[in-house]
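J.: Have a look at this one.
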Amino acid sequence: MILGIDIGGTTSKLGLVRDGSVIARARISTTGHADDHAFADSLAEEAKRLAVGLGQDMLSVAIGAPNANQLTGIIEMAPNLPWKHDVPLARMMSDRLGVPATLGNDANAAALGEWRYGAGQGIDDLLVVTLGTGVGSGFIVNGRLVLGSAGNAGELGHTILIPGGRDCSCGRKGCLEAYVSIRGMIATYREAVCGEQQAASAPSDVKRIAERARDGDAAAIECFTRTTQWLPIGLANAVCATGPKRIVIFGGIARNGELLMIPCASASMQRCSISIKAVLI
Ligand SMILES: [Zn+2]
């Protein structure tokens with residue numbers, strides 16, 4: 001029995017996993033703790049509470065987190081987490097639970113999960129992309145997760161789509177993430193709207209933009225049109241670099257099948273011959 005932990009900006013999820021199936025789960029708030037040590041204490045307490053009564057030993061802990069470095073086991077100054085310093089969470093959880101702990105980038109963890117148990121099962125050249133507040137990605141190449149020399153490789157979201165374009169959360173300009181994430185699509189909608197008055201009433205989430213597109217709102221339709229042009233460029237660049245056999249895309253934005261995923265799959269197929277399988281999670 002393995003403990004899996006997903007560290008999110010507002011909520012962190014725990015799951016006890018056996019043979020690839022979650023047999024017990026819980027969640028705690030990521031914010032509201034005095035410091036990272038108090039947060040780790042809460043995680044450990046919740047994990048022990050979950051394990052009670054299952055009659056099995058917890059063998060190890062696997063943690064996915066933003067800005068996590070698998071080579072060091074450290075969360076490195078994640079802008080979306082409460083702690084503005086390096087957090088050696090793998091060692092902190094190992095100390096508290098008395099079992100080995102591994103920490104990895106959350107998108108890499110998602111890629112490993114899809115590869116072993118999900119939509120990329122058995123496919124040794126795989127790209128997994130998460131479309132959410134940001135754009136995360138994990139590359140499996142020749143049957144191995146790509147980490148790179150410093151442990152931070154495979155960041156498709158921070159490849160440049162438009163030189164000198166929009167500001168990105170990483171400090172550079174024109175990254176793919178600045179265009180095809182939730183934040184990026186809202187910015188696209190605002191750009192597509194004619195007149196300042198309408199821009200002020202722009203939706204604050206992609207779900208509402210999708211509703212407006214289905215109602216015939218021109219700016220919302222234009223927002224999806226541009227996104228379905230941009231995302232396949234990023235995917236095709238990734239295909240040129242590592243030659244995945246399949247791309248798995250998930251996240252809230254990917255729920256828009258007819259507006260986004262079907263046109264993107266079609267455009268990507270034209271750019272490169274690959275099967276794109278959208279997984280809606
Ligand atoms: Zn960036």
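A short reminder: the numbers here are calculations on the coordinates, not readings from a lab. Note that the coordinates shown come from a computational prediction; the quantities given were computed from them, not determined experimentally. Every residue, glycine as well, gets a Cβ built from its backbone with ideal geometry; the counts of neighbours run over all protein chains shown.
J.: Can you give the Rg/Rh ratio of the stretch 118-278, where Rg is from the C-alpha atoms and Rh is the Kirkwood radius?
T.: Values: Rg = 15.8 Å, Rh = 16.1 Å.
Answer for the stretch 118-278: 0.98.
J.: How far apart, in nanometres, would the label points at R144 and A218 be if each is projected 7 angstrom from Cα along the Cα-to-Cβ direction?
T.: In this crude label model, R144 to A218 measures out at 5.4 nm.
J.: Which of the aspartates and glutamates could be linked to K84 by a straight reach, that is with a Cα gap under 14 Å, when you skip same-chain ones fewer than 8 residues away?
T.: Of all the aspartates and glutamates, those that pass the test against K84 - Cα under 14 Å, at least 8 places apart if same chain - are D35, D36, E76.
J.: May I ask you to list the lysines whose Cα is less than 27 Å away from that of K245, ignoring any residue fewer than eight positions away on the same chain?
T.: Partners within reach: K277.
J.: Moving to a separate point now. Quick check on the chain: helices-only [θ] at 222 nm, where DSSP H runs of length 4 and up contribute -39,500 (n - 2.57) each and the sum goes over total residues. Nearest 500, please.
T.: That calculation yields -11000 deg cm²/dmol at 222 nm.
J.: Something else about it: Between E258 and R25, what FRET efficiency follows from the Cβ-Cβ distance if R0 is 41 Å, with the result rounded to 0.05?
T.: Values: r = 32 Å, r/R0 = 0.77.
After rounding to 0.05, the efficiency reads 0.85.
J.: Where the centroid of each part is defined by its Cα atoms, how far is the stretch 5-31 from the stretch 213-268 in Å?
T.: 29 Å
J.: What net charge is computed for the residues neighbouring P82, neighbours being all others with C-beta under 14 Å from the C-beta of P82, Lys and Arg scored +1, Asp and Glu -1? Walk me through the numbers before you get to the answer.
T.: Working: positive: K84; negative: D35, D36, D86.
Neighbourhood net charge equals -2.
J.: Between R49 and D205, what's the calculated FRET efficiency when r is the beta-carbon distance and R0 is 35 Å? Round to 0.05.
T.: Working: r = 34 Å, r/R0 = 0.96.
Calculated value: 0.55.
J.: Further, regarding this structure: I want to make sure I understand the PRE zone here: with the label point 7 angstrom from the Cα of S169 toward its beta carbon, which residues in the stretch 60-104 have backbone N atoms less than 14 Å away?
T.: Residues 65-68, 76-83 fall inside that zone.
J.: Which lysines, on any chain, are close to K13 with Cα under 16 Å apart, when same-chain ones fewer than 8 places away are left out?
T.: Straight-line reach from K13, under 16 Å: K48.
J.: Could you tell me the convex hull volume per residue, in Å³, taken over the Cα atoms of the chain?
T.: Numbers: hull volume 39.3 nm³, N = 281.
In the chain, the Cα convex hull volume per residue is 140 Å³.
J.: A further question on this structure: Among I140, A111, A90, whose Cα projects farthest towards the positive end of the dipole of the stretch 49-166, with charges put on the beta-carbon of Lys, Arg (+1) and Asp, Glu (-1)?
T.: The one lying farthest along the dipole's positive direction is A90.
J.: I'd like the FRET efficiency for I162 and R116, computed as 1/(1 + (r/R0)^6) with the beta carbon distance as r and R0 of 45 Å, rounded to 0.05. Let's see the in-between values first.
T.: Details: r = 35 Å, r/R0 = 0.78.
Step by step, r from the Cβ atoms, then E = 0.80.
J.: With each label point set 7 Å from Cα along the Cα-Cβ vector, what nm distance links Q270 and D57?
T.: Taking the two extended label points, one gets 5.8 nm.
J.: Here is a further query. Write down the radius of gyration of the stretch 1-134 and its Dmax, each obtained from C-alpha positions, in Å.
T.: Cα radius of gyration and Dmax of the stretch 1-134 are 14.5, 43 Å respectively.
J.: Let's see if you can work this out: charge +1 on each Lys and Arg Cβ, -1 on each Asp and Glu Cβ, no other charges. What is the dipole magnitude of the chain about its Cα centre, in debye to the nearest 20? Spell out each step's value before the answer.
T.: On the way: 26 positive and 26 negative charges, 89 e Å.
Dipole about the Cα centre, nearest 20: 420 debye.
J.: Out of F224, F250, F39, any idea which swings most in a Gaussian network model of the chain, alpha carbons joined below 10 Å?
T.: F39
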